[in-house]
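To start, the structure itself, in C-alpha cells.
The values are calculated or read from the model by the stated rules, or taken from the named source; none is laboratory data. Note that the structure is a prediction, hence the values are computed from the model and not measured. Cβ placement follows ideal geometry from the backbone for every residue including glycine, while neighbour counts extend to all protein chains displayed.
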Amino acid sequence: MARLDEAPTIAELWLRSRRAAKGIPPAAHSDDEVRAWFCEVVIPTRELWITELRGELTGLMVLDGEQLEQLYVAPEFLRQGHGSRLVRLAQQTRSALALWTFEANLSARAFYEAHGFRAQGPPSIDNEERTAAIQYKWTRSV
C-alpha cells in the first residue's frame, strides 16, 4: 500500500503514463488537480498499490472495493509484467472486479481481456473526458 509521502511521485507516474498511452484522451483535470487528488482523495480513501524495481516506481493500481479505478505503468517499464502483477494481486484479493477503459485504448483492452476480463454492454461517454469507454468485468471461477 502507498503512503501519503509517496503521493507526488505516484501522481507524476500517473501523469507521465497517461500522456504516453495511445487511445487515451487528455486528462480532464490540470496536473495540480491530479496531484491534489492523489494526496486528498486516493491515498486517504482508496486502496493504492505500487510496484517498484530497484527503488524506482514502475506502476500503480487504485482499487475502490471491487472497482479497479486506475492502472498505470511507467512508459519505460511497459510489457515487463508490472501491470500483470498488480492485476493478479487484485484478482487474488477479490472475487469480482469491474473497470472502465477507453474504447480506443486497444492495448489496455487486450491486456484486460488476456487477464480474464470481459466487455459488458455498449460503450458509454458518461465520463469526465466525454470519450467512449467500455466497462469490463472479471469474476473468479469457482
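Quick check on region 77-98. Is at least one of its residues among the polar types (S, T, N, Q), at negative phi, free of Cβ contacts under 8 Å to residues at least 12 places away in the same chain and out of contact with any Cys (no Cβ under 7 Å at 6 or more places or on another chain)? Yes, region 77-98 has at least one match.
Confirm whether L68 is at pLDDT 95 or above, part of a strand (DSSP E or B) and not polar (S, T, N, Q). Answer is yes for this residue.
Residues checked against (1) surrounded by fewer than 21 Cβ atoms within 10 Å (Cβ to Cβ); (2) more than 22 Å from A132 (Cα to Cα); (3) more than 15 Å from the chain's Cα centre (by Cα):
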residue	(1), (2), (3)
E6	yes, yes, yes
A20	yes, no, no
V42	no, yes, no
W49	yes, yes, no
L63	no, no, no
L71	no, no, no
L86	no, yes, no
R94	yes, yes, yes
T101	no, no, no
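Checked against the criterion of being acidic (D, E) and modelled with pLDDT of 95 or more, region 107-119 has at least one qualifying residue. Checked across region 44-60, the condition of being in a loop (DSSP other than H, G, I, E, B) and either touching a strand residue (DSSP E or B) at 6+ places or on another chain (Cβ under 9 Å) or over 22 Å from D5 (Cα atoms) (or both) holds for at least one residue. Scanning region 86-108 for residues that are in a helix (DSSP H, G or I), within 18 Å of D64 (Cα to Cα) and of a type outside the set (G, A, S) returns L86, V87, R88, L89, Q91, Q92, T93.
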